[in-house]
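Q: The following block contains the structure, expressed as structure tokens.
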Amino acid sequence: MKFHVLTLFPEQIEKGLSDSILKKAMDKGLISLNTVNIRDYAENKHFQVDDYPFGGGAGMLMQAPPIFRAYRDLQAKGVKSKRFIYMSPQGRTLNQEIVKELAAEEELVFLCGHYEGVDERVLEELVTEELSIGDYVLTGGELAVMVVIDAVSRYVDGVLSNDESTGDESFEQNLLEYPQYTRPADFEGRTVPEVLLSGHHAKIKEFQRRQAILRTARKRPDLLAKADLTPVEREMVHKYLEDLPMNAEASSGLIR
Ligand code: ADE
């Protein structure tokens, strides 16, 4: 997977993605990151890339010409991605489904805005979609694009090892992940659920599925509505919610 990012702060993105799993994936050539500094495409001696909005209003806008030049230069260098994604709080809100959809591409091009945004003609002519990472406003798109690149890279073949894989984790099948424990089995009198020490594979699976379902019912009922449950499991949820005290804390751990 090749990621290209048009930004005024290439170093922030490069530094932010240069550790751990993503670094290894880049070293192995499974993913690549090409940051393009929009300022390199300014055509004035002060390298200015922003200006006041026509009609007034707060702050400065990123100008269209340097962004057009930067994007066209990428195309001239052979980048063929049909998608040009502008990171913006006005876009579709990122979720795991969108992450998987993006991971199916071979190449993605992103634009990070700064200041009060970008000249509308960039959105009209170049950008194919806007993508948000949540309903709040960041100082720029850089942190947002790092979130997207991190989440998408996990779905690129070979980036995660088998035991880190995406199979059982939260949001797969619209369920949250079940609780997990490691040694010691007894920590200050708090013991690990016995079934996990039993070695009984089928019972462990059943325990984990039940925990995943009930914990989703408690913390994220909106997700559970989309999950594929058997009638018996639906009944189990119903019963569990009926018995739940009104003031039960949503985040408390193991479900007995
Ligand atoms: N740029 C500023 N805020 C943003 C957000 N919430 N998501 C994506 N890009 C942004």
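The values are calculated or read from the model by the stated rules, or taken from the named source; none is laboratory data. Bear in mind that the values here come from a model prediction, so they are computed numbers and not experimental data. We place every Cβ from the backbone using ideal geometry, glycine too, and count neighbours over all the protein chains shown. For the accessible areas, the whole protein counts, side chains as well, though only heavy atoms, and no ligand, DNA or RNA atoms are used. Shrake-Rupley method; radii C 1.70, N 1.55, O 1.52, S 1.80 Å.
Q: Would you kindly state how much longer the chain becomes between residue 125 and residue 164 on full extension, computed as 0.36 nm times their sequence separation minus their alpha carbon distance, in nm to one decimal?
A: Working: separation 39, 0.36 × 39 = 14.04 nm, distance 4.04 nm.
10.0 nm is the gain from fully extending residue 125 to residue 164.
Q: Compute a Gaussian network model of the chain, connecting alpha carbons closer than 10 Å, and tell me which residue from 222, 40, 73 fluctuates the most.
A: In the Gaussian network model the winner is 222.
Q: For residue 226 and residue 191 in the same chain, what is the full-extension length gain: residue separation times 0.36 nm, less their Cα-Cα distance, in nm? Walk me through the numbers before you get to the answer.
A: Numbers: separation 35, 0.36 × 35 = 12.60 nm, distance 3.31 nm.
Full extension of this stretch gives 9.3 nm more.
Q: So what's the net charge close to residue 164: Lys and Arg +1, Asp and Glu -1, counting the other residues with Cβ under 12 Å from its Cβ?
A: On the way: positive: 24, 154; negative: 163, 168, 169.
Around residue 164, the surrounding residues sum to -1.
Q: Something else about it: Please state the charge dipole magnitude for the chain, taken about the Cα centre, from unit charges on C-beta atoms (+1 on K and R, -1 on D and E), reported in debye and rounded to the nearest 20. Mind showing how you got there, number by number?
A: Numbers: 31 positive and 42 negative charges, 105 e Å.
So the magnitude is around 500 debye.
Q: Highest GNM mean-square fluctuation, the chain, Cα pairs closer than 10 Å: which of 90, 180, 208?
A: Checking each option, the largest mean-square fluctuation is seen for 180.
Q: Report the full-extension gain for the segment residue 52 to residue 182: residue separation times 0.36 nm, less the Cα-Cα distance, to one decimal in nm.
A: Numbers: separation 130, 0.36 × 130 = 46.80 nm, distance 5.65 nm.
The residue 52-residue 182 span can extend by a further 41.2 nm.
Q: I would also like to ask the following. Pairwise over distinct Cα atoms, reciprocal of the mean inverse distance: report the Kirkwood radius of the stretch 1-104 in Å, one decimal place. Write down the numbers at each step before the final one.
A: Details: mean 1/r = 0.0625 Å⁻¹.
For the stretch 1-104, the Kirkwood estimate is 16.0 Å.
Q: Within the stretch 180-211, which residues have the backbone N less than 14 Å from the label spot 7 Å out from residue 244 along Cα→beta-carbon, could you tell me?
A: Once the point is set 7 Å along Cα→Cβ of residue 244, 211 turn out to lie under 14 Å by backbone N, inside the stretch 180-211.
Q: Distance in nm between label sites at residue 236 and residue 76, each 7 Å beyond Cα in the beta-carbon direction?
A: Roughly 6.1 nm, to one decimal.
Q: Can you tell me what share of the DSSP beta bridges in the chain is antiparallel? A percent to the nearest 5 is fine. Working shown, then result.
A: On the way: 4 of 25 bridges.
Taking every DSSP beta bridge within the chain, about 15 percent pair in antiparallel fashion.
Q: Now for a different question. Counting only Cα, what are the radius of gyration and maximum Cα-Cα distance Dmax of the stretch 88-198, in Å?
A: Cα only, the stretch 88-198: 19.5, 63 Å (Rg, Dmax).
Q: Distance between Cα centroids, the stretch 69-83 to the stretch 123-193: provide it in whole Å.
A: Each part's Cα centre sits 29 Å from the other's.
Q: Once the dipole of the stretch 25-181 is set up with Lys and Arg at +1 and Asp and Glu at -1 on Cβ about the Cα centre, which of 67, 137, 84 lies farthest towards its positive end?
A: Of the candidates, 67 comes out farthest on the positive side.
Q: Which one of 11, 194, 129 has the biggest mean-square fluctuation once the chain is modelled by GNM with Cα springs under 10 Å?
A: Highest fluctuation of the listed residues: 194.
Q: Mind grabbing the accessible area of residue 226 for me, 1.4 Å probe, Å², rounded to tens?
A: That residue has around 130 Å² of solvent-accessible surface.
Q: Right, something else. Could you list, bin by bin from short to long, the percent of Cα-Cα pairs of the stretch 45-150 in 5 Å steps?
A: Pairs per bin, as whole percents: 2, 11, 22, 23, 20, 13, 6, 2, 0.
Q: Quick check on my link table: of 45/80; 24/219; 205/226; 100/226; 100/205; 82/226, which ones sit more than 23 Å apart, alpha carbon to alpha carbon?
A: Working: 45/80 31 Å; 24/219 34 Å; 205/226 21 Å; 100/226 17 Å; 100/205 25 Å; 82/226 30 Å.
In this structure, 45/80; 24/219; 100/205; 82/226 lie more than 23 Å apart at Cα.
Q: Continuing with the same structure: How many times 2.2 N^0.38 Å is the alpha carbon radius of gyration of the chain? Please list the in-between numbers first.
A: On the way: Rg = 23.2 Å, N = 256, 2.2 N^0.38 = 18.1 Å.
In units of the 2.2 N^0.38 Å rule of thumb, it is 1.28.
Q: Also, I was wondering about something else. How large is the dipole of the stretch 138-256 about the Cα centre if only Lys and Arg carry +1 and Asp and Glu carry -1, each at its Cβ, rounded to the nearest 20 debye?
A: Details: 15 positive and 20 negative charges, 81 e Å.
Charge dipole of the stretch 138-256: 380 debye, to the nearest 20.
Q: Now a separate question. Have a look at the DSSP beta bridges in the stretch 44-148 and tell me what percent are antiparallel, nearest 5.
A: Counting only bridges with both partners in the stretch 44-148, antiparallel ones make up about 15 percent.
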